[in-house]
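Each value in this text was obtained by applying a stated rule to the coordinates, not by laboratory testing. Just so you know, these numbers come straight off a predicted model, no measurement behind them. As a convention, Cβ positions derive from the backbone with ideal geometry for all residues, glycine included, and neighbour counts pool all protein chains shown.
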Amino acid sequence: MKLKFVLLFIMSSIGIYSQTVLVKYSERRIVSQERLSAMTDFLKKQALETYYYTLEYNNGISLYKNNLETKNVDIKETVVIENTTGREETSYKIGNKLIEKWYYKDFIKNELLFQIYNGKDFYGNDKLQEWNWQITNETREINGFKCKKATSNSFGYDFTAWFTEDIAVNAGPDKFDGLPGLILYLGTPYYEYVATTVKIDKNPIVIKKPVLPNETVTMAQVESYVRDKISKLKPSSTTTVNGSTTTTKSSIIIK
């Protein structure tokens, strides 16, 4: 009887492993009211924006990428200048490359390829990250799936994941993975990823391996660059007076 149970479990795991898993995720910042109150309306709108991504998984390979509506997003910025002669308002569009990214993972070969933007484009070739998850006994339901809670303090940050063993693949959103089930929620003190829809399809799909340029980086190199960049950022405010016009420009740091 015990042998039969083990065989059924193995066959079930193989079945999920070979099927196609399609998950849609939403991503958004977690911003305190204190920080929101210090922002302009434009920055506040950016900070509270939600973006959408899709995870494709089949046969030990996954690809996490922008949905079409997220990839092509433009942001409208409005600059207001007030003076003694009245109010002048100018609007223009700017691109938001920060939200454009993809992560390709080969769980069989322990391979991570990625493209992200942070001041410049980074193309990465690395191994899958080691998260050292601590699985707890806490459970909750997400989208009809029973999930377990896991925590990690890897790379100096606190991460909380909720994963379901009902879908026994170790994939997840963004760069996150490494649990004995699909990650349906991932939270940090400043950001969260939430699975909005989950679909399992018996029809296989082909996930093409991206072609990278000759110059690539590792996740550790990207992290070092970002930490150095953040350490040099400081909130600032400058005011210029030109006749009857006073213009104030402020910059704040949004984590």
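Some observations on this one:
- Checking the Cα-Cα distances for 146/199; 175/229; 105/146; 127/209 against a 19 Å cut-off, the pairs over it are 175/229; 105/146.
- Scanning residues 5 or more positions from residue 217 or on other chains, those with amide H under 5 Å from its amide H are 123, 124, 125, with H placed 1.01 Å from N in the peptide plane.
- Mean Cβ count within 10 Å, highest first, over the residues of peptides 221-228, 179-186: 179-186, 221-228
- Protection proxy ranking, peptides 19-28, 135-144, 104-113, average beta carbon neighbours within 10 Å, highest first: 19-28, 104-113, 135-144
- Extension reserve of the residue 109-residue 224 stretch, reckoned as 0.36 nm per residue once the Cα distance is removed: 38.9 nm
- Other residues with beta-carbon under 12 Å from the beta-carbon of residue 221 carry, at +1 per Lys or Arg and -1 per Asp or Glu, a net charge of -3.
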